[in-house]
Amino acid sequence: MPEQAIDFSVPQRQSRLGIVVYLFKNGRATFSLFFALVAIVSTQPALLFIVPFVLSPIIIFSGVLAYYQYRNFTFSISSDEVIIHKGVFYKERVAVPFERIQSIQITEHIVQRILGLVALRVDTAGSKSSELEIPALSRQLAEILKNQIYSHKAAQDIIGSETDEISENSQVKEATGRVLMHLSIIDLLKVGLTENHLRTGLVALAFVVGTVSQYQDYILEKYRDQVDSYAAQAASLGLRLLIVVGVAYAVFSVLLSVLRVFLRFYDLKVVLKSDAIDVTTGLLKRSEFRVPLQKIQYLRWQSNPLRRMIGFESVKIKPSNSMEQSASSERIEIPALKEYHTAQLVEAVFPDYRLPAMELKANPAAYARLAAALSALIILPGSAGLAYFIHPLLALTSIAVPVISAIAYQYGKRVRLLYDGAHIQVQKGRIFASRTVCQSYKLQALELRQSIFTQRRNLAHVDLYTAAGKLSAMYLDYNEVVEMRDYLLYTVERDDRDWM
């Protein structure tokens, strides 16, 4: 399908298979209703006959609704904006000016992949989510539409340029680029095994508890005798049960971490281009998105002892405005960078990067005092009652506060804020180390914070605001922070470059 053969000024429809995509979306509510009916019928078998009468009209309605959602959805491109019309019961017209478009993403979940379709999403400035989404396009049409939108946007951004010339240049840039990395199955396995398994397990546990709590009345009613029997057996096992549960929890957390990594980063490919970074990732839900270099506000590298042992570190890319929201939901992250990958990425995003010359160090004693106060308030009252019955716990709680304070002191020794007229770098952590780099001129605001406690010690917290969020450092020397503030504000004011 040649690009010139499609006239996007005329309203276009999605693929007819989009009806199935809409039916899948509508079917989620039907599935929830079906599960609730199953729960009701299992306790009241006499009500089994009502299931077909309840589900049949809902399924028919979902199918009819999906057809009209497809039929009433059209999209087009005018001289200065992208337009979609949609709606069944309430008709809606959405128009997005080219000047507000930040990025265009192509995604596909499992149903779209089976049907050979993709979704095209347009992220805009000043919006917390995708303002425009076309959920059922053929890949070829989606690529053509994406190129057309980028070409129109480029034609608006460059005053006095010919549209045909801009389109040609955009296509050349689209075709060029070098592959920064392409994750193999072995690399994915290494990343999965070096994840934060404790966090993964806690998230999974919270999900299970939240889900079970919604149906606890049904479970207790249906399986009360079994629950009581298992509870009595578990109580008799005591310490042995705790060991078994602990081992099972650890194994489950590791397996879940590996599975999560495979789902998120399967076949991850990162391509560096002259004006953007293209990222393709995902197994069940495949996402392809472009991060314009000019939109990137900062890069954050993170690591842990296991990752460092195998020479990996991860980086999160933080673009501006609505793309910052995408970074959170789509997780614009590269999980397995080696040292030479990092050098190439920094060269592409911050070509003139050098380690900033001026340095502010945090006060580690302040971190220790804060940790001691918080741990004393949380640990000691809660453990006092248990210690009455379990005497060894008293010894553990007596050393908990000093240990936590010592860990916080070591953490505080690693907190650094480096800056000069070109870049800012924030370093934190010893075990789970991180460093964040941004260009000084992209600062939008700088805030100093003090409490009555930090004032007495001549300390201050600092928040550096960018279009993608803030960078923070605590317990810095107040006089040094004031000097840094004045220097950075002067740097921003005298720099005439666009920050996004």
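For a paramagnetic label modelled at 7 Å from the Cα of Ala373 toward its Cβ, which residues of the range 470-500 fall within the zone defined by backbone nitrogen distances under 13 Å? Inside the label zone: 475. Each other residue within a Cβ distance under 10 Å of Asn304 adds +1 if Lys or Arg and -1 if Asp or Glu, for a net charge of 0.
Straight Cα distances below 30 angstrom link Lys91 to the lysines Lys25, Lys128, Lys146, Lys153, Lys285, with same-chain residues fewer than 8 positions distant left out. Does the range 69-123 classify as rounded, prolate or oblate by the C-alpha gyration tensor (a ≥ b ≥ c root eigenvalues; a/c under 1.5 gives rounded; else a/b over b/c gives prolate, otherwise oblate)? Oblate, since a/c reaches 1.5 and b/c is not below a/b.
Hey, can you rank 258-268, 7-17, 466-476 by average C-beta count inside 10 Å, highest first? Let's see the in-between values first.
Values: 258-268: 18.0, 7-17: 14.7, 466-476: 19.6.
Result, highest mean first: 466-476, 258-268, 7-17.
Which order, highest average first, do 199-210, 441-452, 77-88 follow once you tally other Cβ atoms within 10 Å for each residue and take the mean per peptide? Working shown, then result.
Values: 199-210: 12.9, 441-452: 14.7, 77-88: 16.5.
Descending mean neighbour count gives 77-88, 441-452, 199-210.
Only protein heavy atoms count here; on that basis, with a 1.4 Å probe, Phe289 has an accessible area of about 10 Å².
Could you please put Lys428, Lys91 in sequence from largest to smallest accessible area, using a 1.4 Å probe? Walk me through the numbers on the way to the answer.
Details: Lys428 60, Lys91 135 Å².
Descending order: Lys91, Lys428.
Excluding same-chain neighbours fewer than eight residues apart, the lysines reachable from Lys338 by a Cα-Cα span under 23 Å are Lys190, Lys269, Lys273, Lys316, Lys318, Lys428.
In order along the range 85-100, the Karplus-derived 3J(HN,Hα) couplings, from 6.51 cos²θ - 1.76 cosθ + 1.60 at θ = phi - 60°, round to 10, 7, x, 10, 7, 10, 7, 9, 10, 10, 10, 10, x, 4, 5, 8 Hz, and Gly and Pro are given as x. By the scheme Lys and Arg +1, Asp and Glu -1, what is the net charge of all other residues having a beta-carbon under 13 Å from that of Ser15? With Lys, Arg at +1 and Asp, Glu at -1, the neighbours total +3.
Each residue of the range 482-487 was assigned a 3J(HN,Hα) from its phi angle through the Karplus curve 6.51 cos²θ - 1.76 cosθ + 1.60 (θ = phi - 60°); the sequence is 4, 4, 5, 4, 4, 5 Hz, with glycine and proline shown as x.
Say R0 is 45 Å: what FRET efficiency, to the nearest 0.05, do Leu193 and Gln294 get from their beta-carbon distance?
Details: r = 36 Å, r/R0 = 0.81.
Result of the calculation: an efficiency of 0.80.
The values are calculated or read from the model by the stated rules, or taken from the named source; none is laboratory data. Please read all numbers here as calculations on a predicted model, not as lab measurements. Note: ideal-geometry Cβ built from the backbone for every residue, glycine included; neighbour counts use all protein chains shown. The protein model used for the area step is the full one, side chains on, heavy atoms only, and it has no ligands, DNA or RNA in it. Shrake-Rupley method; radii C 1.70, N 1.55, O 1.52, S 1.80 Å.
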